Structure formats: C-alpha cells, structure tokens
1. Starting from 0.36 nm per residue, how many nanometres of slack lie between residue 94 and residue 80 once their C-alpha separation is accounted for?
2. Which ³J(HN,Hα) values in Hz, rounded to whole numbers, follow from the phi angles of the stretch 65-75 under the Karplus curve 6.51 cos²θ - 1.76 cosθ + 1.60, where θ = phi - 60° and Gly and Pro get x?
3. Residue by residue through the stretch 12-19, which ³J(HN,Hα) values in whole Hz follow from phi under the Karplus form 6.51 cos²θ - 1.76 cosθ + 1.60 (θ = phi - 60°), with glycine and proline marked x?
4. Run the numbers on the stretch 4-102 and let me know its relative contact order in percent, using alpha-carbon pairs under 8 Å that are six or more apart.
5. Name the long-range amide H neighbours of residue 3: under 5 Å, sequence gap of 5 or more, or other chain; modelled H, no Pro or chain starts.
6. Based on the Cβ-Cβ distance of residue 21 and residue 46, what FRET efficiency does E = 1/(1 + (r/R0)^6) give at R0 = 22 Å, to the nearest 0.05?
7. Which of 81, 55 has the fewest other C-beta atoms within 10 Å, and how do the rest follow up to the most?
8. What is the extension gain from residue 87 to residue 131, computed as 0.36 nm multiplied by their sequence separation minus the C-alpha to C-alpha distance, in nm to one decimal?
Amino acid sequence: MENVAYAEIIEILNNIEEKYKEKLPNKLIDFFKENSAKNYEKHIKKNISLNEQKLQKETIDILAMLTLNYWCNSEEEKAELTSMYSDNELKYQEELREKYNPDNLFKNKTRIQENVEEKQLVVINDKPWYKKIFEKIKNMFRRR
C-alpha cells in the first residue's frame with residue numbers, strides 16, 4: 001500500500017539535521033521508504049516552516065509520534081508533550097460533541113418537522129361548480 005504521508009515523512013527526514021535522523025531506527029526509515037508513494041511529487045520547501053506547509057493530517061500525526069518517541073530529550077519534555085496532545089484531543093472531542101450532539105440533532109429534527117407541517121397545510125378553496133362557471137362568465141365581461 002503506497003502512502004503519500006510516508007513519502008512526505010521521507011522528504012522531511014531528508015531535510016532535517018543528521019542528529020535527528022540518527023535517533024530513528026533504520027527499520028522505521030526503511031518501512032517509510034518501502035511503503036511511500038512512488039509517484040509522489042516533492043512539494044515541501046526548506047525555507048517555509050512545517051506549520052505553513054500543506055502536509056497531510058497523517059504526516060503531522062506521524063511527526064508528533066516521532067517527536068514523542070524519539071526526539072524528546074527528557075522525561076519532562078515527554079510529559080509536557082503528552083499533556084499537550086491530551087489537551088488537543090479533549091478540545092477535538094468537545095468540538096465533535098458540539099457538532100454531533102444527539103440533543104441538538106433531535107432539536108433540528110423537530111424544527112424540520114414543523115416546517116414540513118407548515119408546507120403541507122395548504123388551504124384549498126374548493127368552490128361549487130356553478131360558482132366557478134359564474135366567475136368565468138363574470139371575468140369574460142370584465143375583459144371587454
């Protein structure tokens with residue numbers, strides 16, 4: 001399975017300092033190389049920060065994992081990073097909860113049902129046949 005995120009990781013690894021690449025297991029780098037997209041066109045620019053690059057979400061996730069597992073220099077740094085990841089996950093879950101809250105879904109459904117009911121209640125003026133004929137005759141005389 002070819003993966004664009006792995007190709008982006010390889011491109012990033014080719015552009016970072018050697019001391020960071022040395023901290024990664026060769027088996028992991030080989031895995032990224034073997035499974036990266038072969039038709040990937042390089043688009044990462046050295047003079048622009050990674051935050052401003054158009055990276056895939058999976059690439060950012062892999063970089064976060066690499067940072068936590070291989071590039072953190074101390075346990076304090078790992079704990080701080082883990083805390084930050086947890087905070088971000090909580091914020092993300094809260095956004096999802098607000099967006100897909102079952103209570104809100106049912107509220108919207110009742111509003112939709114009210115609108116449908118309003119549209120369905122159309123008043124039909126059903127006149128007897130003789131009044132319709134009389135109105136047509138009356139309208140013919142008004143035109144002249």
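1. 2.9 nm
2. Computed from phi, the couplings for the stretch 65-75 are 5, 4, 4, 5, 7, 10, 9, 6, 8, 9, 5 Hz.
3. Computed from phi, the couplings for the stretch 12-19 are 5, 4, 6, 10, 9, 5, 4, 4 Hz.
4. 33 percent
5. 36, 37
6. After rounding to 0.05, the efficiency reads 0.90.
7. 81, 55
8. Working it through step by step, the gained length comes to 8.5 nm.
Each value in this text was obtained by applying a stated rule to the coordinates, not by laboratory testing. Quantities reported herein were computed from a predicted structural model and do not represent experimental measurements. Here Cβ is always computed from backbone atoms with ideal geometry, including for glycine, and neighbour counts include all displayed protein chains.
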